[in-house]
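Each reported figure results from applying straightforward, stated rules to the coordinates on display, with no laboratory input. Bear in mind that the values here come from a model prediction, so they are computed numbers and not experimental data. As a convention, Cβ positions derive from the backbone with ideal geometry for all residues, glycine included, and neighbour counts pool all protein chains shown.
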Amino acid sequence: MNSEPYLKELIAQCPALGIKAIMEQRFATLAELLSTGNCPRWLQVFTQLPEPGSGRRVFDENAVRFIADHALNSTDLEVFKSQLLAFSPWRKGPYELNGVFIDSEWQSFMKWNRIKGRISPLKNRRVLDIGGGSGYYLYRMVPEQPTWMVSVDPSALFFYQFLVLQKYLQIQNMGFAPLGIEDLSPLCDVADTLFFMGVLYHRRSPLDCLTQLHRLLSSEGELILETLYIDGDDPVCLCPEERYAVMRNVWFIPTISCLLSWLSKTGFKNCEVLDTSTTSFDEQRSTEWMGFQSLKDFLNPLDPTRTLEGYPAPKRVVIKATKNI
Ligand SMILES: C[S@@+](CC[C@H](N)C(=O)[O-])C[C@H]1O[C@@H](n2cnc3c(N)ncnc32)[C@H](O)[C@@H]1O
């Protein structure tokens, strides 16, 4: 069994031409990425999934849903659930497919609710979600009718989750690129709205990263940046010594004033803080669909305002900024 036909189809359907060209150039590397580790198992389960048949799709509720006209019987429902569980961990969601509720680690609608209605309308805009995972936020954008939507995320698991979701949700002008932001460096002016959420603190060079985001935007473009921040008025940032909330790949967590300074230095205009929040155990938690440890295991049990390492517990800010004045 071979992932190449699915990768070819994904590339053929990618509505963002520059990104499509990069995937074509890197076909051999991507095919390799999508056939190692757990990929053969995911591919096998994917090919055995039941056909969706006719049904209704819901994108404007907390859970993105496919409701089949003919429900599965209880035996088939159990089989289908075990097939979907094979694609765990489901980090973002929730989804409901054919009667199975995928209770993801993150209640991603909480983040979406902090953003929607506060950004420029997405109708007729080209939307990139870099680090967008299996596409939860893109599905939530469907009612707004963007020109197209693409999630760029290097995770092989999210590629397979996207294949599963698209089998049932079937949105034509939506794509997934199994690439990292660094792979997009040859591109400029590809998106009118660019979401970059939960990724900046994973980048070793946040200023270079923001400069790249600025280039990726069209002249009327808007960036929606969501990231961790620390309290404080000075333009400084936390540089965790080894781990932050157990994660080894967290490099810089700025104050909001530091973040605004980074945005200004990299050319962004009209920066506006849309929201700040403290991540709660309601929003991020272990479930049957994400059996590993989650937020509550990463905070000090005696003082949940601190991580296990003694740093401030995660707080997140959403900032909207434009490319030009
Ligand atoms: C903390 S999650 C955030 C997911 C989602 N954007 C959200 O806000 O809920 C970080 C995401 O970034 C992706 N990622 C990791 N390295 C990346 C890179 N170099 N370029 C783009 N995405 C990356 C991960 O696979 C993961 O899906």
Restricted to pairs 8 or more residues apart or on different chains, the lysines in the chain with C-alpha atoms under 19 Å apart form a number of pairs equal to 20
Size of the chain along its principal axes in angstrom, Cα-based, largest extent first?
59, 49, 37
Of Thr255, Thr278, Thr227, which has the largest mean-square fluctuation in a 10 Å C-alpha GNM of the chain?
Thr278
Rounded to one decimal in nm, the spacing of the 7 Å Cα→Cβ label points at Ser277 and Lys123 is 2.7 nm
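Taking the Cα centre of the chain as the origin, how large is its charge dipole in debye, to the nearest 20, when only Lys and Arg (+1) and Asp and Glu (-1) carry charge on their Cβ atoms? Mind showing how you got there, number by number?
Values: 33 positive and 37 negative charges, 91 e Å.
About 440 debye.
Nearest 0.05, what FRET efficiency do Asp76 and Thr211 give at R0 = 56 Å with Cβ-Cβ as r?
Efficiency, from the Cβ-Cβ distance: 0.65.
Report the extension gain between Asn38 and Phe101 in nm, rounded to one decimal, defined as 0.36 nm multiplied by the number of residues separating them, less their alpha carbon distance.
On the way: separation 63, 0.36 × 63 = 22.68 nm, distance 2.31 nm.
Taking 0.36 nm per residue and subtracting the Cα distance, the gain is 20.4 nm.
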Taking every pair of distinct Cα atoms and averaging 1/r, then inverting, what Kirkwood hydrodynamic radius in Å comes out for segment 38-115?
13.5 Å
Restricting things to Cα coordinates, could you compute the convex hull volume per residue of segment 265-323 in Å³?
134 Å³
The summed charge of the Val152 Cβ neighbourhood (under 11 Å; Lys/Arg +1, Asp/Glu -1) stands at -4
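Rounded to the nearest 5, what % of the DSSP beta bridges within the chain are antiparallel ones? Don't skip to the answer; put the middle values down first.
Details: 30 of 53 bridges.
If we restrict to bridges inside the chain, about 55 percent are antiparallel.
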In nm, to one decimal, how far is the Met1 label point from the Asn249 one, both placed 7 Å along Cα→Cβ?
2.6 nm
Rank the residues Phe159, Phe281 as a footprinting-exposure proxy: fewest other Cβ atoms within 10 Å of their Cβ go first.
Phe281, Phe159
Among 265-277, 89-101, the order from most to least packed when residues are scored by Cβ within 10 Å on average
89-101, 265-277
